[in-house]
Amino acid sequence: MLNIISLGSNLGNRLSYLQLAIDQINILPSTVVTKISSVYETEPQQYLEQPNFLNAVIEVETELTPQVFLKKLKEIEQLANRERIIENGPRTLDLDIVVSSFGAINDSDIELPHPRAQFRGFVLLPWLEIDPTAELNSLGAVSKLAAALEDQGVRKLSDLRLK
């Protein structure tokens, strides 16, 4: 199954945490990262009293179900010492499944597509970079969704790379 994953970090060595996530995803069983966006710096969106984020989006092929894959992503967050103290607050690593070729899911553990993806420039802009024809399920073209957003302080950082 093809998955689009959003990565974010705003504590510690932000770039190292994003790279840790990619490295750990690549060693999951029957899982490989197939595309990696550039790194973007993003101003905080909801809880404003925190440092800027580094963000990226990756495309991942996996045979894991979305529920199992999400559980593995949460384990990777824990490996990065993620703490959930303030909702939308600072974090070493945040990993979200944005969409999956598995289709729509709405249960107590996971909701796909991600319920707020269409409002997040830090998701849409890097996603467009790796797939200019991307569609966000029934919401339409990612390019149109991104164009409709107000400026959210998302800037591409050409000097930083993930592999």
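Report yes if ILE4 is under 18 Å from VAL142 (Cβ atoms), of a type outside the set (Ser, Thr, Tyr), under 13 Å from the mean Cα position of the chain (by Cα) and surrounded by 15 or more Cβ atoms within 10 Å (Cβ to Cβ), otherwise no. Yes; evaluated as a whole, the condition is true for this residue. Looking for whichever is more than 26 Å from ARG155 (Cα to Cα), hydrophobic (A, V, I, L, M, F, W, C) and in contact (Cβ under 8 Å) with a residue 60 or more places away in the chain here; the options are PHE69, PHE53. Which one fits? It is PHE69.
Say we look at the range 152-161 and pick out the residues that are on the phi < 0 side of the Ramachandran plot and either touching a residue at least 12 places away in the same chain (Cβ under 8 Å) or surrounded by 12 or more Cβ atoms within 10 Å (Cβ to Cβ) (or both); which of these is farthest from the chain's Cα centre (by Cα)? So, considering only residues that are on the phi < 0 side of the Ramachandran plot and either touching a residue at least 12 places away in the same chain (Cβ under 8 Å) or surrounded by 12 or more Cβ atoms within 10 Å (Cβ to Cβ) (or both), the one farthest from the chain's Cα centre (by Cα) is SER158. Taking the listed residues SER100, SER138, SER108, the one that is polar (S, T, N, Q) and surrounded by 13 or more Cβ atoms within 10 Å (Cβ to Cβ) is SER100, with no other qualifying. Exactly one residue out of ALA117, ALA104, ALA147 is over 27 Å from ASN13 (Cα atoms), aliphatic (A, V, I, L, M) and out of contact with any Pro (no Cβ under 8 Å at 6 or more places or on another chain), and it is ALA147. Of the residues making up the range 12-40, those that are under 15 Å from the mean Cα position of the chain (by Cα) and hydrophobic (A, V, I, L, M, F, W, C) are LEU15, LEU18, LEU20, ALA21, ILE22, ILE25, VAL33, ILE36, VAL39. Exactly one residue out of ARG116, ARG82 is at pLDDT below 95 and either surrounded by 14 or more Cβ atoms within 10 Å (Cβ to Cβ) or touching a helix residue (DSSP H, G or I) at 6+ places or on another chain (Cβ under 7 Å) (or both): that is ARG82.
Quick check, is ILE130 surrounded by 14 or more Cβ atoms within 10 Å (Cβ to Cβ), under 13 Å from ILE4 (Cα atoms), out of contact with any helix residue (DSSP H, G or I) (no Cβ under 8 Å at 6 or more places or on another chain) and of a type in the set (A, V, I, L, M, F, W, C)? Taking the combined requirement at face value, the residue satisfies it. PRO44 meets each of the listed conditions (1) outside any strand (DSSP E or B); (2) under 13 Å from ASP94 (Cβ atoms); (3) modelled with pLDDT of 95 or more; (4) not β-branched (Val, Ile, Thr) apart from (3). Has the range 124-145 got at least one residue that is over 16 Å from the mean Cα position of the chain (by Cα), at pLDDT 95 or above and farther than 21 Å from ILE36 by Cα? Checked the range 124-145: at least one residue is over 16 Å from the mean Cα position of the chain (by Cα), at pLDDT 95 or above and farther than 21 Å from ILE36 by Cα. Residues of the range 14-63 that are surrounded by fewer than 16 Cβ atoms within 10 Å (Cβ to Cβ), among the hydroxyl-bearing types (Ser, Thr, Tyr) and within 24 Å of GLU135 (Cβ to Cβ): THR34 alone.
The values are calculated or read from the model by the stated rules, or taken from the named source; none is laboratory data. Predicted model only: the values in this text are computed from it and were never measured. As a convention, Cβ positions derive from the backbone with ideal geometry for all residues, glycine included, and neighbour counts pool all protein chains shown.
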